Amino acid sequence: MLPFSLLFAIVFLIPIGWAIYTSFFRQVTEGGGAYGGGELVNKFVGFDNFIYAITSDKFWAGIARVMAYTAIQVPVMIISALALAMLIDSYIVKHVTGFRLGYFLPFAIPGVVASLIWLYLYNGQISPIVKGLELLGLHPNFYGSNIVILSMANITTWTYTGYNMLIFLAALQAIPHDLYEAARIDGANGFQVAMQIKLPSVRGAALLAMLLSIVGTIQLFNEPQIMQIADPGISKSYTPMMMALNTSQGSITPSGDGTASAIAIVMAIIAGLLAMLYILAERKVNE
């Protein structure tokens, strides 16, 4: 366990500890005269960075966008992943390995690269999708103020559906085949087997997939950060993670690592609370 523990501490525990430590400091200018000058120093400010984060209109506007994004994207992705997994697990599909690999391949593409691919496919000047739709008399604007969040959700769904499909597929393949045989002897058809045996058996996998998706989408960053290249309407504080990055780089005031760390920590707490609420709600429903 020692090699793993050391690596885990270096890449996970120590950065978290450092982020918590820096969140209590803020960069301020000291010295200088009437004409400016001075130097930036880290000053202990207690919980001021956290107070700034939780009282910032930009922060909560970003939270609202992320929540809307999660409410749209996660259900579509989970339902699509479950449908694909059940299709592959059925007797309808031949050459299962090829389909399984094909659905999973988008997950192997880095998130930034995937966003750049879709940035091209959303471009009204060069996109084959846009040009094809225009031939049908449709004129989509994937960067419209009411559409852009759906465009981001599409990128994430395309990337992660195959990953979640594998979670469901593993759960489906772990179901004892004796249950299928017993159901067929009792006269159950394929649809009844799927609804009465398969779906109840993947409830644990669905909980895992939902938790991972909620924690992942609350950290929305790659898609809006890349799409900002083509859409100036996406602000530097469009999501809390973008706000943290631009705060650390000095694009948003107050700037510095301390304020950025506080924003990230508040987001981590919110993600944890959402995960706990989902678990409690799931248990309540199951009871």
Name the pairs whose Cβ atoms lie under 7 Å apart, with the first residue in the stretch 234-251 and within 17 Å of Val148 (Cα to Cα) and modelled with pLDDT of 90 or more, the second open to solvent by 40 Å² or more (accessible area, probe 1.4 Å) and not polar (S, T, N, Q), and 6 or more positions between them or separate chains? Ser237/Lys58; Tyr238/Arg65; Thr239/Arg65; Thr239/Phe221; Met242/Phe221; Met242/Lys236
When every residue in the stretch 51-101 that is modelled with pLDDT of 90 or more and of a type in the set (D, E, K, R) is compared, the one farthest from Pro254 (Cα to Cα) is Arg65
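How about the stretch 167-221: which of its residues are β-branched (Val, Ile, Thr) and closer than 13 Å to Leu82 by Cα? Full working, then the answer.
Here is the first cut: in the stretch 167-221, the residues β-branched (Val, Ile, Thr) are 167, 175, 185, 193, 197, 202, 214-215, 217-218.
Within the stretch 167-221, Ile167, Val202 qualify.
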Please verify whether the stretch 240-251 includes one or more residues that are in contact with a Ser or Thr (Cβ under 8 Å, 6 or more places away or on another chain), open to solvent by 20 Å² or more (accessible area, probe 1.4 Å) and either hydroxyl-bearing (Ser, Thr, Tyr) or over 22 Å from Ala61 (Cβ atoms) (or both). yes
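What's the total number of residues in the stretch 252-287 that are outside any helix (DSSP H, G or I), open to solvent by 20 Å² or more (accessible area, probe 1.4 Å) and either of a type in the set (S, T, N, Q) or touching a strand residue (DSSP E or B) at 6+ places or on another chain (Cβ under 7 Å) (or both)? Walk me through how you get there before you give the answer.
Of the stretch 252-287, the ones outside any helix (DSSP H, G or I) are 252-256, 287.
Okay, now just the ones that are also open to solvent by 20 Å² or more (accessible area, probe 1.4 Å), so 253-255, 287.
Subsequent filtering for residues that are either of a type in the set (S, T, N, Q) or touching a strand residue (DSSP E or B) at 6+ places or on another chain (Cβ under 7 Å) (or both) retains 253-255.
Count: 3.
Pick from Met195, Met152, Met210, Met165: which is surrounded by fewer than 21 Cβ atoms within 10 Å (Cβ to Cβ), touching a residue at least 12 places away in the same chain (Cβ under 8 Å) and either within 30 Å of Ile109 (Cβ to Cβ) or of a type outside the set (D, E, K, R) (or both)?
Working: Met195 fails: touching a residue at least 12 places away in the same chain (Cβ under 8 Å); Met152 fails: surrounded by fewer than 21 Cβ atoms within 10 Å (Cβ to Cβ); Met165 fails: surrounded by fewer than 21 Cβ atoms within 10 Å (Cβ to Cβ).
After applying the criteria, what remains is Met210.
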Just for helices (runs of 4 or more DSSP H) wholly inside the stretch 1-89: which have at least 3 residues that are touching a residue at least 40 places away in the same chain (Cβ under 8 Å) and over 30 Å from Arg100 (Cα atoms)? 14-22, 48-55, 57-89
Let me confirm something: among Ile54, Ile16, which residue is surrounded by fewer than 19 Cβ atoms within 10 Å (Cβ to Cβ), within 24 Å of Ile265 (Cβ to Cβ), in contact with a Phe, Trp or Tyr (Cβ under 9 Å, 6 or more places away or on another chain) and among the aliphatic types (A, V, I, L, M)? Ile54
Being polar (S, T, N, Q), within 20 Å of the chain's Cα centre (by Cα) and open to solvent by less than 80 Å² (accessible area, probe 1.4 Å): is that true of Thr70 here? yes
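The values are calculated or read from the model by the stated rules, or taken from the named source; none is laboratory data. Quick caveat, the model's predicted, so the values are computed rather than measured. In this analysis, Cβ positions are derived from the backbone assuming ideal geometry, glycine residues included, and neighbour counts consider all displayed protein chains. Calculation scope for accessible area: heavy atoms of the full protein, side chains included, ligands and nucleic acids excluded. Shrake-Rupley method; radii C 1.70, N 1.55, O 1.52, S 1.80 Å.
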